[in-house]
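Trainee: Before anything else, here's the structure in question.
The values are calculated or read from the model by the stated rules, or taken from the named source; none is laboratory data. Fair warning: this is a prediction, and the values are worked out from it, not measured in the lab. Here the Cβ is made from the backbone with ideal geometry for all residues, glycine too, and neighbour counts use every protein chain on show.
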Amino acid sequence: MSNPISIAFKKANKENRPALLTYTVAGDSSKKQSLAILKSISKNADILEVGVPHNTPVADGSQIQTSAYRAIKNGIKINDIFQIVKDFKKLEKSKPIILMGYYNMIFQYGESNFLKRCKISGVNGLIVVDLPWPENKNFAKKCKDKSICFIQLLSPTTTNKRLKRIIRDSHEMNYFISMLSTTGGKLKVSPHEILKNYKKIKRINPKKETVIGFGITEKTIDKLKSADGLVVGSAICKEITRSLKSRQNPVINVGKLVGRLKNKIK
């Protein structure tokens, strides 16, 4: 049976567009609202990335850090995140969920216990920012044994030799970091240059789904729509912050934003 992540890419491909992946922080701004936001954006997003808030992130820009701070301040715990995913999956069983975070959460929980909880909750994939290849090989194998997709990160400075090895060992999906930056930074390189690097990766194994993330907004998303998938995170977290400051409903506003993003890549 195909992983829901693979099915989502096939569906987008049939519609002649890239898959739209969204990123939100679990528990922002509350457990209840976090679940409501997932429900709202799932109408237009193909794959949902759910971030595990961390107080000392290494890859997250200011917008995601602000979201994470709100979630931590409200007392979100890893078991709460599993519950949010489980509750969402009761309503949207086929919609893929990818947990994104740092290895510390897995280490503290214990790899086997963590993967067991992922499986029970309905998590379909994992991105572990600070667990690179080849150090992630053993854990990635454990994920595969549980039918959970471990997503490898690729960057513009990854050598061709290393790219080939990472892609050879990768599962259904890889994540290409568009530029050397934390999340949410303005694109420091042109979409043309990003796609040039992206195509170099795709030539290694065209069958492996590869998404582009970092710096993608309403203004830039349509220029990158030849990719297999595009990830938008900081723009969504920014909209949640803006809505809360304006005393507006972030569930409605974020839902509208994701709808606009989807329209730009059709």
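Trainee: Of these, Ala235, Ala227, which one is at pLDDT 95 or above, among the small types (Gly, Ala, Ser), under 20 Å from the mean Cα position of the chain (by Cα) and surrounded by 20 or more Cβ atoms within 10 Å (Cβ to Cβ)?
Mentor: Sole residue among the options that is at pLDDT 95 or above, among the small types (Gly, Ala, Ser), under 20 Å from the mean Cα position of the chain (by Cα) and surrounded by 20 or more Cβ atoms within 10 Å (Cβ to Cβ): Ala227.
Trainee: Please state which of the following conditions Ser94 fails to meet, knowing it meets all the rest: (1) of a type in the set (Gly, Ala, Ser); (2) buried (at least 20 other Cβ atoms within 10 Å of the Cβ); (3) not in a helix (DSSP H, G or I).
Mentor: Here Ser94 meets the rest and fails (2).
Trainee: Next up: Quick one: how many residues across the stretch 209-223 are modelled with pLDDT of 95 or more and touching a Ser or Thr at 6+ places or on another chain (Cβ under 6 Å)?
Mentor: 1
Trainee: Could I ask something else about it? If I filter the stretch 93-104 for residues that are aliphatic (A, V, I, L, M), modelled with pLDDT under 95 and either under 17 Å from Phe150 (Cα atoms) or within 18 Å of the chain's Cα centre (by Cα) (or both), do I get at least one hit?
Mentor: The answer is no; no qualifying residue exists.
Trainee: Report the residue count in the stretch 1-54 for those that are under 14 Å from the mean Cα position of the chain (by Cα), under 22 Å from Glu218 (Cβ atoms) and crowded, with 21+ Cβ neighbours inside 10 Å.
Mentor: The total comes to 17.
Trainee: Ok, one more. Considering the stretch 245-261 alone, what residues qualify as being buried (at least 18 other Cβ atoms within 10 Å of the Cβ) and either of a type outside the set (Val, Ile, Thr) or over 23 Å from Ile47 (Cα atoms) (or both)?
Mentor: The answer is Pro250, Asn253, Gly255, Leu257, Leu261.
Trainee: Could you please find all residues in the stretch 119-147 being touching a helix residue (DSSP H, G or I) at 6+ places or on another chain (Cβ under 6 Å) and small (Gly, Ala, Ser)?
Mentor: Ser121, Gly122, Gly125
Trainee: Right, another one. Tell me the residue from Ile97, Ile41, Ile78 that is touching a helix residue (DSSP H, G or I) at 6+ places or on another chain (Cβ under 9 Å) and under 23 Å from Leu154 (Cβ atoms), please.
Mentor: Residue meeting the stated conditions: Ile97.
Trainee: Continuing with the same structure: Scan (1) surrounded by fewer than 16 Cβ atoms within 10 Å (Cβ to Cβ); (2) in contact (Cβ under 8 Å) with a residue 60 or more places away in the chain; (3) closer than 23 Å to Lys202 by Cβ for the single condition Met100 breaks and write down its number.
Mentor: (1)
Trainee: Another question about this same structure. Cβ-Cβ below 9 Å, separation at least six or inter-chain, first residue in the stretch 12-37 and closer than 11 Å to Lys262 by Cα, second assigned to a helix (DSSP H, G or I) and polar (S, T, N, Q): which pairs?
Mentor: The qualifying pairs are Ala19/Asn13.
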